[in-house]
Amino acid sequence: NAGVIQTPRHKVTGKGQEATLWCEPISGHSAVFWYRQTIVQGLEFLTYFRNQAPIDDSGMPKERFSAQMPNQSHSTLKIQSTQPQDSAVYLCASSLLDTQYFGPGTRLLVL
Amino acid sequence: AQSVDQPDAHVTLSEGASLELRCSYSYSAAPYLFWYVQYPGQSLQFLLKYITGDTVVKGTKGFEAEFRKSNSSFNLKKSPAHWSDSAKYFCALEGGTGNYKYVFGAGTRLKVIA
């Protein structure tokens, strides 16, 4: 079992560019979660899917952020017009029931 | 509303000592509670969970935690501590209503001095 896979592991973008982050959940897991981690804000919930359907996006900034899960094998988090304050580690987790298993994260740096 | 409080941002102790990291929560119904560990430069790893039943739960790496409904706490323990336990520890709560979303505490950074 490869665990949750996140690509890329590091991404550097210029201010105003778009960033797309990928997550491949553990095979058979029905839920996928996205979090953002910064030193200042800590771990912030962004959004989650169950059986590919969006369930809760209450943590997503209303502008510029969007997430999709087009099939059971991957989810994407897209940030349009990136800003320096978007710099963070973006974590994806998957679960079958109550226990979430986290991927290694994507470290996004917006210059 | 759900919330998790980890009151100690930093804890330092000597190798061989007993460690106890505090976690309290606020939730009106029966919570599901979790502990995760994050080693420097790594992601979060699951340690243990309490769902129901025995209030003392054992997890990986020799850790255990005790659920105390009376004071809404779920403290993490290990004895003895080892220098390799140095990491950041997060307590999390899930509402247990079938919505599997977690609320995390701010974390406690543990340093074990050899």
Accessible surface of B:HIS10 in the full protein assembly, 1.4 angstrom probe, to the nearest 10 Å²? 140 Å²
Can you spot the lysines whose alpha carbon is less than 17 Å from A:LYS62's alpha carbon? Ignore those fewer than 8 places along the same chain. A:LYS78
Which residue fluctuates the most in chain A, going by a Gaussian network model with Cα springs under 10 Å, if the choices are A:GLU18, A:GLU44, A:GLU63? A:GLU63
Just tell me how shielded A:36-45 is by partners: mean number of partner chain Cβ atoms within 10 Å of each residue's Cβ, no decimals. 3
Shielding score for A:50-62, defined as the mean number of other chain Cβ atoms within 10 Å: 1
If the only charges are +1 at each Lys and Arg Cβ and -1 at each Asp and Glu Cβ, what is the size of the charge dipole of the range A:1-76 around the Cα centre, to the nearest 20 debye? 180 debye
With +1 on each Lys and Arg Cβ and -1 on each Asp and Glu Cβ, how big is the dipole of the protein assembly as shown about its Cα centre, in debye rounded to the nearest 20? 280 debye
Among the aspartates and glutamates, which have Cα under 18 Å from the Cα of B:LYS58 when same-chain residues fewer than 8 positions away are ignored? A:ASP98, B:GLU20, B:GLU66, B:ASP85
Averaged over B:25-38, how many beta carbons belonging to a partner chain fall within 10 Å of each residue's beta carbon? 1
Quantify, in whole percent, the carbon and sulfur part of the accessible surface of the protein assembly as shown (1.4 Å probe; protein heavy atoms only). 49 percent
Checking A:ASP57, A:ASP86, A:ASP98 against a Gaussian network model of chain A (alpha-carbon springs below 10 Å), the top fluctuating residue turns out to be A:ASP98
Between the alpha-carbon centers of the range A:60-78 and the range B:18-91, tell me the distance in whole angstrom. 30 Å
Unsatisfied cross-links (Cα-Cα over 21 Å) in the set B:LYS77/B:LYS101; B:LYS78/B:LYS101; B:LYS61/B:LYS111: B:LYS77/B:LYS101; B:LYS78/B:LYS101
Assuming a ≥ b ≥ c are the square roots of the Cα gyration tensor eigenvalues, decide whether chain A counts as rounded (a/c under 1.5), prolate (otherwise, with a/b larger than b/c) or oblate. prolate
1.4 Å probe accessible area per residue over chain B, in Å²: 48 Å²
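The values are calculated or read from the model by the stated rules, or taken from the named source; none is laboratory data. What you see is a predicted model, and the numbers here were worked out from it, not measured in a lab. In this analysis, Cβ positions are derived from the backbone assuming ideal geometry, glycine residues included, and neighbour counts consider all displayed protein chains. Quick note on the areas: whole protein, heavy atoms, side chains included, nothing else; ligands and nucleic acids left out. Shrake-Rupley method; radii C 1.70, N 1.55, O 1.52, S 1.80 Å.
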